[in-house]
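Here, each number is a calculation from the coordinates, and none is a lab measurement. All of these numbers come straight from a predicted model, not from anything done at the bench.
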Amino acid sequence: MKLRCSTTLLASLAALGLSSCASTPSDDTPQELTSVITASYVLNGLFVPDSKGEQTVYTREDMRTIHDKVKRDSFYMRWANSDTSGIFRMDQNLLWQVDHTKKQYQECALSGCSNLLEELFPRDDDTESYESYEERGCETELTRNDFEVAATGESRQMQGMETEEYKVTWTTEFTDDQGLKDLNLVQMVFWTTTPNAEMTEAWRIHQKATDRYLDSVGNNQPLSRLLGQDGFRAISALTGDTEKGSPDLLGSINQELSAIQGYPLSIKFEWFQKQEACVESKPAKEKESLSIDLSNGVDGLEDAATSLLGGLLKSAANDAVDKKVDAWMKDVRVRYIYDIQSVENRLAHNSNFEVPNNYTMLDRN
């Protein structure tokens, strides 16, 4: 049975903002084969506002669009709810950062817009701030860097597929000149499945897009500047965006990661931190530190513990450390849970890779 709406009914509903019968504008742009992935995610912790999001990623070999709808959990942060897209056009060496709510956009070099992080993570009163060791005038030495990947043997059904569980842990410890220590623990949980034809094709397309992107930006993109292009590719493979490449890319760490088999349908990331180093250099209102010094590229990844990523991954350590962990793991610095909902290769309109004509440009840089 077809739903029919009279002119009078449509007018009445429109006045109430309920005109669900009204037709949506048709999209007559050409369609081409595109990798389309949908996902949902949760983000919370001391360093980020509690949020929930939905993501759709459209990828072709020379362009990619990442569309995010984010809702903040806090009533007072509802103003920061967002509906945005990052449109990466490798064929034009451009990035368009689009705000669909305000119908506005920025045009930037493909390597990125300078204020992107502030837009993605607006702070609220409950969000902690952090300072690097350098900002605090604190000298530390990396005295521990343990990394481990383990298949747990656990399995579960996700999206109608059988998945296997892998756990990654990375412990890093920094010691100051007084012998006091900062301990970082990062835990990641992967649920992976045997890749089907759609997933394998998505990997192929995403790899082509990643190669085109890195060919265009070189080391002008923050992550590739810090880790080098091989490091960028290794992180891409870790998150499941591309298929794993050579285990030699990042030495021993990547060899450990190569133990993770299959396509990840779910990734959980948690970062915990226990701070005792440089107590005398902390301001009266203590701020959590985050070391951000990862300048040695791929060769320095094991020293990456001194950076954002270095505070990011940890080893499931011995019993003594596990007992220490219990007390300070109550307050997670960052928790991120990303669940794949669907992976398809289908026809999609070219409009998914364009800024709508009626949007206003805010800036070009």
Problem - Potential lengthening between residue 156 and residue 261 on full extension [0.36 nm per residue; Cα-Cα distance subtracted] - result: 36.3 nm
Handout entry: Exceeding the 27 Å Cα-Cα cut-off - candidates 102/208; 69/274; 71/268; 69/268; 52/103
Key = 102/208; 69/274
Problem - Inter-centroid distance (Cα atoms) of region 138-201 relative to region 28-92, Å - result: 24
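Would you kindly state how much longer the chain becomes between residue 337 and residue 66 on full extension, computed as 0.36 nm times their sequence separation minus their alpha carbon distance, in nm to one decimal?
Difference between extended and current length: 95.8 nm.
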